[in-house]
Structure formats: C-alpha cells, structure tokens
Amino acid sequence: MLRYQIVLNVIRQNYNTIMKTARPDIIVVSPDGEYLIVVEVKLSDSDLHNQNAIDQFKHLMASIGCSIGLIVFGQRIILLRDSLEKSNGESVDIVGEAKLPDSLLPPVDERWKGEYEFEVRVQRWLEELKLSSNVENLPHDLRKLFSESIINLLRLGDIRSAGPRWSRSGR
C-alpha cells in the first residue's frame, strides 16, 4: 500500500509539473517518433519579451528531450537550441530571431481573432519549407536563422499539430 501511495504521489507531481509548463502547438517528429522540433505559436507579440513564457518553453523542450524549439510571437519567430549540458532547460539558449514573411502574417480583418487560424497557417508554412524553392524565397534573416540543419529536420520529420485545435466556428 505504501508503494502505491508513493507511486501515486510521483504521478501527481509529474502531472502538476507538466500542466504548469508550456504545451507546444506544432511538433516535428522523426519517423521513429523522436521530437525533432517543437513549436509554440502566439498570435500576439505581447508575450515576446515575457521571460516566464520563454522559460516555460525551455523547460518543455528539456522535459520532452527536444533540442530545437521555435516560438512564434505575432510577427517574430525565435529559434532556441538546447546544448544538453544541463537539465531543466538551463542549457537552452536563444539562437536568434527574425521577422515572419508578410504573407504569413494575419490580416487586419476583424473576423480573424483566434490563434487557431494562425497555428494552421504557421504549420502549412513549415510544411512548405520542405521544398527548396520555398526556402530560397525566404527573406535573408529567416534563411540565416533556419540554417540547413533546421531545414533538414523539417524535411526529415512529419509536421503536425501537437494536440486538438478548436476553431471559433466549431464551438
């Protein structure tokens, strides 16, 4: 009985830790199920300099063993990389950031206020980057940020939603 209680307490602690951390919106998974890239998408750039949001994402990367992360905050994309030298996200550093292409940015239209549409648009854009011609058309700062190694991970992996998405029309 004591072992059961100990195991139950460990499960509760892990669940509470997971629920407090960020959840990716998009994942890039290798054919054998390994996380290659995790992506968090926020429509507003008000969280761009929110260190707590970035720290939670770093912790998420470390907890699931993913060394590459992308955070999309409104008009910007941030690339993070874990050197795997420390645990709990302490060795995750921001590599750089760039402006998203204008074609990816949400329209000023009042009807599009939810993050669902933006997540879908970002996912499609990442899928389109599997083609060399689309990579060549990226602005210089994005091409530099998405080095050949990042593009190769996108090409190797399956790009998908990390969980269910709820559209405004589906509610």
Residues satisfying the stated conditions in region 118-139, i.e. of a type in the set (S, T, N, Q) and open to solvent by less than 70 Å² (accessible area, probe 1.4 Å): 123, 132, 133, 134
Pairs needed: first member in region 79-100, in a loop (DSSP other than H, G, I, E, B); second member anywhere, acidic (Asp, Glu); C-beta distance under 9 Å; at least 6 residues apart or different chains. 83/93; 89/55; 89/82; 91/82; 91/85
Please find, within region 1-41, the residue that is farthest from residue 104 (Cα to Cα) out of those that are among the charged types (D, E, K, R) and modelled with pLDDT of 85 or more. 32
Of the conditions (1) over 17 Å from residue 26 (Cα atoms); (2) open to solvent by less than 20 Å² (accessible area, probe 1.4 Å); (3) without any contact (Cβ under 8 Å) to a residue 40 or more places away in the chain, residue 142 fails just one. Which one is it? (3)
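The values are calculated or read from the model by the stated rules, or taken from the named source; none is laboratory data. The structure presented is a predicted model; accordingly, all values stated were derived computationally and were not measured. Reconstructed Cβ throughout: ideal geometry from the backbone, glycine too, with neighbour counts over all protein chains shown. Please note that ligands, DNA and RNA were not included when accessible areas were found on the heavy atoms of the full protein model with its side chains. Shrake-Rupley method; radii C 1.70, N 1.55, O 1.52, S 1.80 Å.
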